[in-house]
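What follows is a set of notes on a single structure, which appears directly below.
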Amino acid sequence: MQILPNRYYWMIMRQGEWERRSRCLHLKLKKLAREEKKCFEGIWDENDMPTHQVAFYDFEFYRTLEGKIKEATEDTLVLDLGGGKEYEFSLFKPGYRK
C-alpha cells in the first residue's frame, strides 16, 4: 500500500472475534534495523520477532506499534502484533466505509 503524507486512514483493530474501527492520521511505516530488533531478543521467538514499526495519530495519542506485516496489498496494510492481535490500515475515502 502506498502511504501518503497528511492523509486519513481507516484503522481496524482486531483480536479474536473483537473488532473496532476508527480513523487515524499521519501513518508511517518503517522497517526495523538490526539494532532495534535486539530489544526483542529473549522476549519473542525468532520466528515471531517484529520486523516493522507503524506510527500514527489516532486522535487521542501518537502511537507506535511493532509487528510483522501480515498482508500488504495495493489498498490494505495488515500488521500482526502477535497473540492474535492485528491492525489493518486502508486509505480513507469520504463516503466509503470498509
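The values are calculated or read from the model by the stated rules, or taken from the named source; none is laboratory data. Because the structure is predicted, anything quoted here is derived from the model rather than measured. Quick reminder, even Gly has a Cβ in these numbers, built from the backbone with ideal geometry, and neighbours come from all protein chains shown.
Hey, can you tell me all the residues within segment 15-73 that are of a type in the set (Val, Ile, Thr) and under 22 Å from Ile3 (Cα atoms)? Step through it out loud before you land on a result.
From segment 15-73, those of a type in the set (Val, Ile, Thr) are 43, 51, 54, 64, 69, 73; that's our starting set.
Residues satisfying the conditions are Thr51, Val54, Thr64, Ile69, Thr73.
Quick one: how many residues across segment 69-98 are in a loop (DSSP other than H, G, I, E, B) and surrounded by 15 or more Cβ atoms within 10 Å (Cβ to Cβ)?
Step one: filter segment 69-98 for residues in a loop (DSSP other than H, G, I, E, B), giving 73-75, 83-84, 92-98.
Of the ones still in play, those that are also surrounded by 15 or more Cβ atoms within 10 Å (Cβ to Cβ) are 92.
Count: 1.
Between Glu35, Glu66, Glu19, which is outside any loop (DSSP other than H, G, I, E, B), surrounded by 14 or more Cβ atoms within 10 Å (Cβ to Cβ) and of a type in the set (Asp, Glu)?
Glu66
Kindly evaluate Asp45 against the criterion of being among the acidic types (Asp, Glu), in contact with a strand residue (DSSP E or B) (Cβ under 9 Å, 6 or more places away or on another chain) and free of Cβ contacts under 8 Å to residues at least 60 places away in the same chain.
no
Mind listing just one residue for me: the one in segment 15-61 that is at pLDDT below 90 and basic (Lys, Arg) and, of those, farthest from Lys93 (Cα to Cα)?
In this case the residue turns out to be Lys38.
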